[in-house]
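Undergrad: Okay, handing you the structure first.
The values are calculated or read from the model by the stated rules, or taken from the named source; none is laboratory data. This is a predicted model, so every value here is computed, not measured. Note: ideal-geometry Cβ built from the backbone for every residue, glycine included; neighbour counts use all protein chains shown. SASA here: full protein model, heavy atoms, side chains in, ligands and nucleic acids out. Shrake-Rupley method; radii C 1.70, N 1.55, O 1.52, S 1.80 Å.
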Amino acid sequence: LAPLVVGLTVVAYGTSAPEMAVSVQAALRGSADVAVGNVVGSNIFNVLFILGLSALIVPLSVDRALLRRDIWVMIATSILVPLFAWHGTIGRVSGVALLAGAVGYTVWLIRSAQSELVDEEKRQGRKSSGIGVSLAVIVGGLAALALGASWLVDSSTAMARQWGVSELVIGLTVVAAGTSLPEVATSVVAAMRGERDIAVGNVVGSNIFNILAVLGAAAAAAPEGVAVSSTAMRLDIPVMIAAAVACLPIFFSHARIDRWEGACFLGAYAAYAVLLYLDASDSHLEHPFRNAMLWVVLPIVALALGLSVLHSWRTANRDPV
């Protein structure tokens, strides 16, 4: 398969397996805030931290197919979350619909993408390990993943009670960052090795998979679906949508993510983490900080991105390929 398709499917779904295990376990145990916070926090972390860090190391090129198709799917699926949670809960029917969307997207992606099957094993004269070994590794990995997810859910809820913070905050930070570590390793290593389609496709594919498959499976598994708190609807889900939408001007600018844009992503994640801390601690600085971000920082960043897109458009019209 083409590297972009591999990044959007095999790599993205594989690195999102921890999110799947943790969110489903949390939903079955009644920790809806952990289940939802893990998905929302992971998506924010994936775009702002992982893409930012990867681009800061090596500027990332963006495949044209990603611009035409998958970035729009990521934005659309992000918008689905508040729509499905409008009444405070994502029910089982909505969960099944999200799962069906994950299957449909994967089939559509593989069929529509121009992929090439390369029989690398035969061409270089190597033999694969065999289907038996592969299945054994998969079963063993899934068993370890389920056990690790159980420990992570128990520890995170205990940590929330001990620290006196909400499970939502723990899910958005500790759990989300922990389950996103495979994405960090994959995207950074792929960027350093020049597989930039995989680095970017991994993040976009993981975000789509997190919402359609992970959140869908959690809602479908829980008897009453998963409740979505008003705090998440007010702050974290809008940040998730904004992060997805912010990819549009950056991706379309020269069809790549430059180092300064990666630094903006990292700065945005740091600001979000500070805002999350201030909101959780009921600090009197929370409202001034929020207003400064809303009325000063965001307009400056939006202006910079707009000028970058305008410069790219003028350059493309001046020197057509």
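Undergrad: Can you name the residue in region 57-71 that is touching a strand residue (DSSP E or B) at 6+ places or on another chain (Cβ under 8 Å) and buried (at least 22 other Cβ atoms within 10 Å of the Cβ) and is also farthest from Val188 (Cα to Cα) among such residues?
TA: Residue satisfying both the conditions and the ranking: Val62.
Residues checked against (1) within 23 Å of Arg234 (Cα to Cα); (2) at pLDDT 90 or above; (3) in a helix (DSSP H, G or I); (4) open to solvent by 20 Å² or more (accessible area, probe 1.4 Å):
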residue	(1), (2), (3), (4)
Glu19	yes, no, yes, no
Ser23	yes, yes, yes, no
Val39	yes, yes, yes, no
Val47	yes, yes, yes, no
Ser94	yes, yes, yes, yes
Trp108	no, no, yes, yes
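Undergrad: Mind checking whether some residue in region 265-287 is assigned to a loop (DSSP other than H, G, I, E, B), open to solvent by 60 Å² or more (accessible area, probe 1.4 Å), of a type in the set (Asp, Glu) and at pLDDT below 85?
TA: Yes, that holds for at least one residue.
Undergrad: Within region 72-89, take every residue that is over 15 Å from Ile44 (Cα atoms) and β-branched (Val, Ile, Thr) and give me the one that is most open to solvent (accessible area, probe 1.4 Å).
TA: Filtering region 72-89 for residues that are over 15 Å from Ile44 (Cα atoms) and β-branched (Val, Ile, Thr), the one most open to solvent (accessible area, probe 1.4 Å) comes out as Thr89.
Undergrad: Please specify each residue of region 172-217 satisfying the condition of being among the charged types (D, E, K, R) and open to solvent by less than 10 Å² (accessible area, probe 1.4 Å).
TA: Glu183
Undergrad: Would you check which residues across region 26-46 are within 24 Å of Val184 (Cβ to Cβ) and of a type in the set (A, V, I, L, M) and list them?
TA: Of everything in region 26-46, those that are within 24 Å of Val184 (Cβ to Cβ) and of a type in the set (A, V, I, L, M) turn out to be Ala26, Val34, Ala35, Val36, Val39, Val40, Ile44.
Undergrad: Another question, then. Consider only pairs whose beta carbons are under 9 Å apart and that are at least six residues apart or on different chains; among these, list those whose first residue lies in region 172-199 and is within 20 Å of Ile237 (Cα to Cα) and whose second residue is among the hydrophobic types (A, V, I, L, M, F, W, C) and open to solvent by 60 Å² or more (accessible area, probe 1.4 Å).
TA: Every condition considered, the pairs that remain are Ala177/Phe49; Ser180/Phe49.
A quick yes/no check of all residues on (1) assigned to a helix (DSSP H, G or I); (2) modelled with pLDDT of 85 or more; (3) farther than 30 Å from Val107 by Cβ; (4) in contact with a strand residue (DSSP E or B) (Cβ under 7 Å, 6 or more places away or on another chain):
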{"site": "Leu147", "(1), (2), (3), (4)": "yes, no, yes, no"}
{"site": "Val153", "(1), (2), (3), (4)": "yes, no, yes, no"}
{"site": "Val169", "(1), (2), (3), (4)": "yes, yes, yes, no"}
{"site": "Ile208", "(1), (2), (3), (4)": "yes, yes, no, no"}
{"site": "Ala213", "(1), (2), (3), (4)": "yes, yes, no, no"}
